[in-house]
Amino acid sequence: MGIRTVEEYKESLRDGRRVYIRGEKVEDITKHRILGITCDTIAAGYELTASKDPEVRDLFVAPHPETGEPINRYFITPGSKKDLADRTRMIQHSIQLIGGLPFGKDIGTDCLNAAFVVAGQMGKKQYQDNAKKFLEHLRKNDLHTCGAVTCVKGDRSKEPSKQKHPDYYLHVVDKNKEGIIVKGAKIHITSAPAANEILVVPTRQMRENEADYAVSFAIPANTQGVTFICRSGRGAWSDHEFHADRPVRELTEAMIVFDNVFVPWERVFMCGEWQFSMLLAYTFATFHRFTAISYKVPAVEVMAGCAVAMAKYNGLERVGHIRDKLADIAAYVETLRALANAAANDPVMHGNIAVPNPLIANMAKLHFASKYHNFVELIQDISGGIVATSPDKKDLENPDIHDYLEHYLGGAEKYSTLDRLKMVHETMRHICSHESAFHEVTTVHAEGSMAAQKMMIYAESPLKRYETLAMAAAGITPQ
Ligand SMILES: Cc1cc2nc3c(=O)[nH]c(=O)nc-3n(C[C@H](O)[C@H](O)[C@H](O)COP(=O)(O)OP(=O)(O)OC[C@H]3O[C@@H](n4cnc5c(N)ncnc54)[C@H](O)[C@@H]3O)c2cc1C
């Protein structure tokens, strides 16, 4: 098959999966008010691979490395800096072309690429073969994936084996000739209810007495014992909003419960090799933070554009402190872009797999997360209180009050009141809305907390070199 159509993707979701949202079980998620938007957002990725425009198609479709058949570019295991740069370009164009990212294949393949690296380090041919066979399954059937890494974790100060009950971290409860049985729950998993396959990776380093928690595998979303409990969402555009002529793009996160789920051996990539759990979590994090910084560049470009436009609509673009703030906004965006490019340009090779530079990928994610709220504050400052109190589209359309709004809500003379209000509403979505609050938390936590990035920066930085240089500068002879 190689490349699926939108309809084939949607049909594949009608497979008896167990999905709950807002307390209700959903029979057909493609038709649900909120989950349908998730399906459509992912389906937009299938529209891109079917594009008649060869330039667009080439971004998203690549030749299979061995057979030359067309496959989704996410299923190219990166082997060079060009592959990493192509992946970044694909992710960035997804956002620009469809107004959102059909997340899932990215994080799923981040998990699988990490599993490949670690299987190689373990020297376990069986796991390498399993990963390769699974990759071919994804390529052939053009499947949508999600990456389930974050466990529910219980008391954060306690290790998995010291928790009140053993299930706060996903673990193996039994094994037999055919496979393993796992129990636990993964949380916050993006696009999970609309995935075909779930890839599981340990959330952290495991110790010797936690070998049962060192487990990685892939299973279909309709596997017996798997339940998705989804967060709610914003739903389609309301007729009170000004918005562009495109659908809402949104993805639903879910908690995935694994209630004694059977996984056949051929789908297992790690089972008990606790010594390698850290490497798997760490390599996944590097791949995934690289994915993150790739998609965040076009997202913050639009937000920066709102600040530029609001400054103009308010007649302020020549004012000194506004220019100063726009310079800070641009520096934030361009530092992120430069770091994303640098992480792709300087990969670390593990065999024939190119892992994005771990130091730079973590620095980029930390830059993005630690300065995001300040970036938002600058846009809020420039935009004015109108982004909190603006009348809506229905107000403007009401003839009783239209003329008041037209008369009083104009800004700089050369712009229409309507355009100013459209820009206010776009800006509002990014900096003063339920969605923007969601993104502020996502920025801090998704792809790992800032403490996790600092741990990796500390581990990867040339601290010894700094010290040697300081010793030499101070005239101290090393002992
Ligand atoms: C919108 C969104 C989408 C996401 N998508 C995915 C996804 O697709 N797949 C996936 O696997 N995950 C996903 N995540 C999960 C994300 O990776 C986690 O939120 C993140 O790793 C933080 O974990 P947590 O939420 O459990 O927070 P916590 O672990 O509770 O962290 C809270 C704070 O406690 C600190 N902390 C926690 N434990 C310790 C400790 N032992 N010692 C010291 N400090 C500690 C953290 O550093 C942080 O400062 C997503 C999250 C969000 C918000």
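The values are calculated or read from the model by the stated rules, or taken from the named source; none is laboratory data. Bear in mind the structure is a predicted one, so any value in this text is a computation, not a measurement. Ideal geometry is used to build each Cβ from the backbone, glycine not excepted, and the neighbour counts take in all protein chains shown.
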### Pick from the stretch 151-183, criterion within 12 Å of the ligand (Cβ to nearest atom) and small (Gly, Ala, Ser), ranking: nearest to Phe438 (Cα to Cα)
Gly154
## Note on the structure
Output for Cβ contacts, cut-off 6 Å, separation at least six or different chains, first residue closer than 14 Å to His430 by Cα in the stretch 375-399, second assigned to a loop (DSSP other than H, G, I, E, B) and at pLDDT 95 or above, reads Val387/Cys432; Ala388/Cys432
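Name the residues in the stretch 12-44 that are assigned to a helix (DSSP H, G or I) and of a type in the set (Ser, Thr, Tyr), would you?
Taking the stretch 12-44 first, the residues assigned to a helix (DSSP H, G or I) are 12, 29-31, 35-44.
Result: Ser12, Thr30, Thr38, Thr41.
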### Task
For Lys186, state whether it is part of a loop (DSSP other than H, G, I, E, B), out of contact with any Asp or Glu (no Cβ under 9 Å at 6 or more places or on another chain) and within 12 Å of the ligand (Cβ to nearest atom).
no
### Query
So is Thr223 assigned by TED's automatic domain parsing to the domain that holds Gln126 and part of a strand (DSSP E or B) or not?
no
### Unmet requirement for Gln479, which otherwise passes all of (1) within 16 Å of the ligand (Cβ to nearest atom); (2) part of a loop (DSSP other than H, G, I, E, B)
(1)
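One line per residue, one yes/no per condition, for (1) aliphatic (A, V, I, L, M); (2) in a strand (DSSP E or B):
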| site | (1), (2) |
| --- | --- |
| Asp174 | no, yes |
| Lys177 | no, no |
| Ile198 | yes, yes |
| Glu210 | no, no |
| Ala218 | yes, yes |
| Ile229 | yes, yes |
| His243 | no, no |
## Note on the structure
Of the listed residues (Lys132, Lys124, Lys82, Lys105), the one being more than 16 Å from the ligand (Cβ to nearest atom), of a type in the set (D, E, K, R) and touching a residue at least 60 places away in the same chain (Cβ under 8 Å) is Lys124
### Query
Only one of Asp212, Asp155 is touching a residue at least 24 places away in the same chain (Cβ under 8 Å) and among the charged types (D, E, K, R); which?
Asp212
### Task
Determine the pairs where a residue that is farther than 13 Å from Ser390 by Cβ, located within the stretch 406-419, has a partner that is charged (D, E, K, R) and at pLDDT 95 or above with Cβ atoms under 8 Å apart, the partner being 6 or more residues away or on another chain.
Gly410/Arg420; Ala412/Lys312; Tyr415/Lys312
